1. Could you count how many residues in the stretch 418-448 are of a type in the set (Gly, Ala, Ser), over 19 Å from residue 397 (Cα atoms) and buried (at least 22 other Cβ atoms within 10 Å of the Cβ)?
2. Collect the residues in the stretch 449-466 that are within 22 Å of residue 404 (Cα to Cα) and crowded, with 18+ Cβ neighbours inside 10 Å, keeping them in residue-number order.
3. Hey, can you tell me all the residues within the stretch 342-356 that are under 18 Å from residue 145 (Cα atoms) and either surrounded by 16 or more Cβ atoms within 10 Å (Cβ to Cβ) or not hydrophobic (A, V, I, L, M, F, W, C) (or both)?
4. Given (1) modelled with pLDDT under 95; (2) out of contact with any Phe, Trp or Tyr (no Cβ under 8 Å at 6 or more places or on another chain); (3) among the aromatic types (Phe, Trp, Tyr), where does residue 214 come up short, assuming only one miss?
5. Of a type in the set (Gly, Ala, Ser) and under 22 Å from the mean Cα position of the chain (by Cα) - does that describe any residue in the stretch 468-476?
6. Look at the stretch 471-521 and say how many of its residues are touching a Pro at 6+ places or on another chain (Cβ under 9 Å) and either at pLDDT 95 or above or not in a strand (DSSP E or B) (or both).
7. Taking interchain pairs and intrachain pairs at least six residues apart, which have beta carbon atoms under 7 angstrom, with the first residue in the stretch 424-440 and in contact (Cβ under 8 Å) with a residue 60 or more places away in the chain and farther than 25 Å from residue 466 by Cβ and the second buried (at least 17 other Cβ atoms within 10 Å of the Cβ) and among the hydroxyl-bearing types (Ser, Thr, Tyr)?
8. Among the numbered criteria (1) at pLDDT 95 or above; (2) farther than 30 Å from residue 548 by Cα; (3) in a loop (DSSP other than H, G, I, E, B); (4) of a type in the set (S, T, N, Q), which one does residue 70 miss?
Amino acid sequence: MADGPIEERLITAPPATDRQGGANPGSIDIAVTANRTSRAISQVGASVTIVGEEEIINRQPTEVLDILRTVPGVTFTRNGGLGANAGVSIRGAQSDQTLVLIDGIRINDPASPGGGFNFGTLLAGNISRIEAVRGSQSVLYGSQAIGGVVNMLTREPTGELDAFARAEYGERDTAELVGNVSGRVGPVAASIGATYARTDGISAFSGGTEPDGFESLGFNGKIDVALADNVSLDLRGFYADGDTDIDGFGRDANIVSSREDLVGYAGLNAAFLHGRFRNRLGFGYTNIDRRNFDFDAGVETFDANGENRRYEYQGVFDTGDLAEFVFGAEREESELRTSSYGAPPAFADVWINSLYAQVNTTPLDGLSVTGGIRYDDHETFGSAITFSASGAYSPDNGDTVIRASYGEGFKAPALYQLFSEYGNAGLDPEEADSWDVGVTHSFLDGRAQAGVTYFKRDGMNEIVFLSCTDSLLPPCLVNDPPSGTYDNIARTRADGWEFGVSLRPVDEFDVSLSYSIIDAFDETTGNRLPRRARDTVSLIADYRMENGFGIGATILVVGDSFDNASNTNPLDGYALADVRVSYGVTDNIELFGRIENVTDEEYETVLDFSQPGRTVFGGVRYRM
């Protein structure tokens, strides 16, 4: 980030705190994603979880799912081991209703059937901070943010030369290398990193014997150029190239799924009026290319490419103590190319233009109020208007915070749902109304915090695949699809509770406990939504001694669920325990090791697809 009055960009954060929840004495957690500007957690009405750099390092994650699975209100599914297709659901919403950002850049796949994001190949690597915002966030983020937003931030440029490196090896010939270098030369500050991982894996099919491996190479980079005291150029990029062995439904298979992600952003930042009027003009680009090749049949079974181009302006005007205005305009252009078994490819494209505005005010001491509105004009379904409002009140300088928020969300039909051979060009957007209310309280001089939140969301016009074998519904009669099509026929409801406690009983000992209850139903059928467990409990504990020795554990308990919409295929709940140790050999070099799934629990998040058993890892990391 450039020196001078430019204090923020989309989406950048100040140095991360050790632990979400405020249990670190003297720290102030800062959230950026919730309001697209930096605000103290005590002034944010939305439900936000922040996982900072120290916690990510201490927990030794290989993939981002290792972190997200313990966030309150979040559940995940995965079709096998590392690298397999995986989705994240927030508060019972569909996985493709989660908006995913990396360094503030939208990375949802325009070529996937629902336009969602596959977390399976996303490694933790050089990600140093994660912000998860729960509840509909379409006013600031537009389409897809019905369940919430997950924003992952890679390592920031630094003023002085800084370096981070990690190498580890484990069972199933699993290896990972991570490196990142950052620093400043004159007006240019940069952070450049790379990640490599491979594993022989497990059999994705639970009844199979052939292991399904995974290999990935990735790069990340940020460059800030100070053009003047009040003007800077902001460049960001992310690239990942991975191959995953996958199985067919109900059988071992020799199929390799290749995926290449290219994400980029270029922005010009300018601040005026002594930094009170901050402007950003930017261009974001996402291209995800996917191919599946069946080596037994000697044929490419699937080929798809999704491209997203996003032109955007954002302004932030700070009037002082009274109000801060956030406003902007965006144009998003998405393209799809898809083909199966060598058939001629199908092409489709769509655009959406948007305007949004939000005001953040502090009318009284301890009270923060936010309100916003967004207008979207979509090429196929027309226009949509969404509203949001939230508030946070603290009567005791942040020790107790009462929060409430209301948000409207929408999700434009995916290109595949509109224009594929199964598509329906007459689809309307999915819509949702969500609200929550909660309270957190810090005590013991900030060494402990407890909180509870109640949430509710109603979803309308949800898009489902409709079998046309025996159906006389209009989409089947008008479109004449090969076997089925998509239609807006589902209504959903989700409500529940999120409880959390975080403690720091002594310095360097952190404990976090959360319990989520999610009741998610299809109101059309009365059935529970598939693969959404009602109960989830997570416990995270880490203790670091003065002699450099550290020990920690993560426990995750997930309740029963159903694999299918008709609720005829149950999925048993499970309990997982990971333990970890570390030892600082010097101020810069640290040895570490962990055992994942200590009890060798056998479980499935998707019926007939297995998950890794007990696995041991060890490695070394270096921090300058």
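1. At the first step, the residues of the stretch 418-448 found to be of a type in the set (Gly, Ala, Ser) are 420, 423, 425-426, 432, 434, 438, 442, 446, 448.
Then drop every residue that is not over 19 Å from residue 397 (Cα atoms), which leaves 420, 423, 425-426, 432, 434.
Narrowing further to those that are buried (at least 22 other Cβ atoms within 10 Å of the Cβ): 432, 434.
Adding up the residues that qualify gives 2.
2. Restricting attention to the stretch 449-466, the residues satisfying the condition of being within 22 Å of residue 404 (Cα to Cα) are 449-459.
Residues satisfying the conditions are 449, 451, 453, 455, 457, 459.
3. Narrowing the stretch 342-356 to residues under 18 Å from residue 145 (Cα atoms): 351-356.
Residues satisfying the conditions are 352, 353, 354, 356.
4. With respect to (1) modelled with pLDDT under 95; (2) out of contact with any Phe, Trp or Tyr (no Cβ under 8 Å at 6 or more places or on another chain); (3) among the aromatic types (Phe, Trp, Tyr), residue 214 is out only on (1).
5. Within the stretch 468-476, the subset of a type in the set (Gly, Ala, Ser) is 471.
Checking which are under 22 Å from the mean Cα position of the chain (by Cα) leaves us with none.
No - not one qualifying residue is present in the stretch 468-476.
6. Qualifying residue count for the region: 11.
7. If the second residue must be buried (at least 17 other Cβ atoms within 10 Å of the Cβ) and among the hydroxyl-bearing types (Ser, Thr, Tyr), the pairs left are 434/136; 435/405; 435/406; 436/47; 436/405; 436/453; 438/47; 438/453.
8. Here residue 70 meets the rest and fails (2).
The values are calculated or read from the model by the stated rules, or taken from the named source; none is laboratory data. Note that the structure is predicted; figures quoted are calculated from it, not measured. Here the Cβ is made from the backbone with ideal geometry for all residues, glycine too, and neighbour counts use every protein chain on show.
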